[in-house]
1. May I ask you to list the residues in segment 360-377 that are surrounded by fewer than 24 Cβ atoms within 10 Å (Cβ to Cβ) and not in a loop (DSSP other than H, G, I, E, B)?
2. May I ask you to list the residues in segment 549-570 that are surrounded by fewer than 16 Cβ atoms within 10 Å (Cβ to Cβ) and not in a helix (DSSP H, G or I)?
3. Would you point out the residue of segment 507-527, among those that are outside any strand (DSSP E or B) and buried (at least 23 other Cβ atoms within 10 Å of the Cβ), that is modelled with the lowest pLDDT?
4. Among the helices (runs of 4 or more DSSP H) confined wholly to segment 152-256, which include 3 or more residues that are buried (at least 17 other Cβ atoms within 10 Å of the Cβ), at pLDDT 95 or above and assigned by TED's automatic domain parsing to the domain that holds residue 86?
5. Please state which one of 482, 443, 380, 398 is touching a residue at least 12 places away in the same chain (Cβ under 8 Å) and buried (at least 17 other Cβ atoms within 10 Å of the Cβ).
6. Kindly indicate whether residue 66 is buried (at least 21 other Cβ atoms within 10 Å of the Cβ) and either in contact with a strand residue (DSSP E or B) (Cβ under 8 Å, 6 or more places away or on another chain) or in a helix (DSSP H, G or I) (or both).
7. Is there a residue being closer than 27 Å to residue 43 by Cβ, touching a helix residue (DSSP H, G or I) at 6+ places or on another chain (Cβ under 9 Å) and in contact (Cβ under 8 Å) with a residue 40 or more places away in the chain anywhere in segment 96-105?
8. Would you tally the residues in segment 127-139 being modelled with pLDDT under 85, outside any loop (DSSP other than H, G, I, E, B) and either crowded, with 19+ Cβ neighbours inside 10 Å or outside the structural domain of residue 20 (by TED's automatic domain parsing) (or both)?
C-alpha cells in the first residue's frame, strides 16, 4: 500500500530534494499537489518522471517511475544500484569550463552506467540554468553556466534518493505503454507531461529532443479517462490552456500561480498552471452487495414513518461498509433505523434529531444497551397510579381516538412521568408513540376522524393490546453492541461531535410539489414526547397542531445553504447523504456543493418507491416512484 506523508518543517528536507535542477519541476507546487494524493492507494506510478519532485516528496514505499529519455532513466537506475559508485565518479569532476565542454562532448552511451549517471548530474549542476537541451543529432548543447560554487555532490540527497529508488521499478518507455502494462485499480498516477502550448519550454521539460503536440495531449486525456474507468486516482499538471480545460471539463481543474525560472524575459517569469484531480470511477457497485444485514438489524420495530430508510438499509450499508470507521453519526435520525443498523454492525453511534419522538426512539434502542421494561412494569403503566391531567382527553376529544383510548393515553402519560430510569422512561414513551401510530389510519395526524380505515388488524386491536405489544417490540430491540452510543435531541447545526468516521445525512427533502413538515404529520405523538412543553398549539386548526419547528430545508436556497454548512462542518468525515430525485437542490447542484468540501464525490442512484405521498396527483402518474440518490463524499 502506498502512502503520501506530508512534509513537516522539522523533517530533513534532503528527503524531498530532487537529484536534478529541473526546468518545469514541481517543487514549487508540492503544497498544492501533495494534499491531493490519496491517503491510501495501491502503487505510485509516474510515467513523465523528469526531476521527480513529487515522487521524492511523497516517498512511496513502492512505485513505478518511467521516462522516455534513456539517459535520465539510466541516472535513476544507477543511483538505485550503486549510489556510492555515482558519488565516487562525481568526485573526479571539476567546475571548470574546460572540463565542462570536454564532458559535454562525450557520448554517454559509450560510458559505464555509473559514469554516465555522474556525467548527467555534473552537466545538470554546471550548465546554464540547469537546462537539458539536445540538437537534432541528440547531442547536449547547453552552454557552461559559470557558477562559482555549484553543489556537484549532494551526498545526503543521493543517499536518500537511493533508499527510495531501491524499492522502485524504473523503466524507460512511452507513457502509454507504461500505464497500459502496469496501472491497476486503486493505483495513484501522477502525470506531468510537456506543457501546452508546444514551445521551447516544452522541450526543456521533456528532457528529450521529441516534442509533445496538441494531438498528443488529446491522446493523453483519453488515457486519463481510461485510468478513471479502471479505478485509478490521477493527478495531472499542465499550463492553464483552453485545451486542458476542454479535455478535463468533467473533472476538478484548479488554476494556480507559478514562476517560470527558465524564461529569458524577466517579465515573462510568471504563469498559471492547472492541477487536474481525477478520482477513480465510482466503486460503489450495488449489484455486488455485501452479506445480508445482521439479524439484530431486523429486530428494529417496523414503521411507516415518512422518509424512513428501512428499504434502503442494504444499499446504505453496501456503501458505508467500504470505508473504515468506528463512529457513525446519524444526523437526522427520523425513525432511527439507519442508526440502529450501524449499531448492529458494532459502530459507536451518535443519533441526532430535532424531533423529540425520534430522539426518544434512539434513547430507547440505540443509546440504551441493556435496560428493558418488565411485563409487570408495562402492565402497571396501564393502571391509574397517578393523578392524570386529562390533557389528551379534553384537548383532542373526538379527533383521533375514542374517549376511552384518550383516557388511557393520559393514564400512561402520567405514569411515564414518574419513571426515574431514563431508559425505561424512553422505552415506555416509545411504546406509547408506536401504539398511537399503529392505532391511527396511515399513522399520521393531518386529518381527523377515521376516513382511511381499511380494516387492517392494527386498527381492530385495542389500544391496551397495542401498547403492550409495542413495549415488547421495543424491548426485543434492546442489545449491547459493546459501544458507548448517544441519542441527542437538537439542531444538526449545533452538534459538537465532529470526529466521526462517517456521517449519514437524511434531512427533510425540499420539493415545490410537496411539503416536508414532519411536525404537521406527527404533531400529536411529537406532543406526547415533549408533553406539549415549549410548543404552542394552534387552537384555530381542526387538528390542533402546533407550529412547525424552523428548518432551513423549507426552501431551495435554504436547503442549499444548509447542505453547504453541514458539509463544511463535517468535512473531516466520510459523508453519506440520502436525497430524492424529485427534490431540490438538483443532483448536479448537490455534487457541486459537496465538491467544495470533499475531494471525491460520487452519486449512487437507487430505484425507490415511497410508502405514500400527499400530492401524487401533482407529480403525474409515477405513483411515487423516484430515484433515491446516495451522495458519497470522501
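1. Passing the criteria: 367, 375, 376, 377.
2. The answer is 549, 550, 555.
3. Applying the first criterion (outside any strand (DSSP E or B)) to segment 507-527 yields 507-509, 512-513, 515-527.
With buried (at least 23 other Cβ atoms within 10 Å of the Cβ) added as a condition, the list becomes 518, 522-527.
On the way: 518: 85, 522: 95, 523: 96, 524: 97, 525: 97, 526: 97, 527: 97.
Filtering first and then ranking leaves 518.
4. Helices (runs of 4 or more DSSP H) meeting the threshold: 175-182, 214-230.
5. Working: 482 fails: buried (at least 17 other Cβ atoms within 10 Å of the Cβ); 380 fails: buried (at least 17 other Cβ atoms within 10 Å of the Cβ); 398 fails: buried (at least 17 other Cβ atoms within 10 Å of the Cβ).
Being touching a residue at least 12 places away in the same chain (Cβ under 8 Å) and buried (at least 17 other Cβ atoms within 10 Å of the Cβ) holds for just one of 482, 443, 380, 398, which is 443.
6. yes
7. No, segment 96-105 contains no residue that is closer than 27 Å to residue 43 by Cβ, touching a helix residue (DSSP H, G or I) at 6+ places or on another chain (Cβ under 9 Å) and in contact (Cβ under 8 Å) with a residue 40 or more places away in the chain.
8. The total comes to 1.
The values are calculated or read from the model by the stated rules, or taken from the named source; none is laboratory data. The structure presented is a predicted model; accordingly, all values stated were derived computationally and were not measured. Glycine gets a Cβ as well: all are built from the backbone with ideal geometry, and neighbour counts include every protein chain shown.
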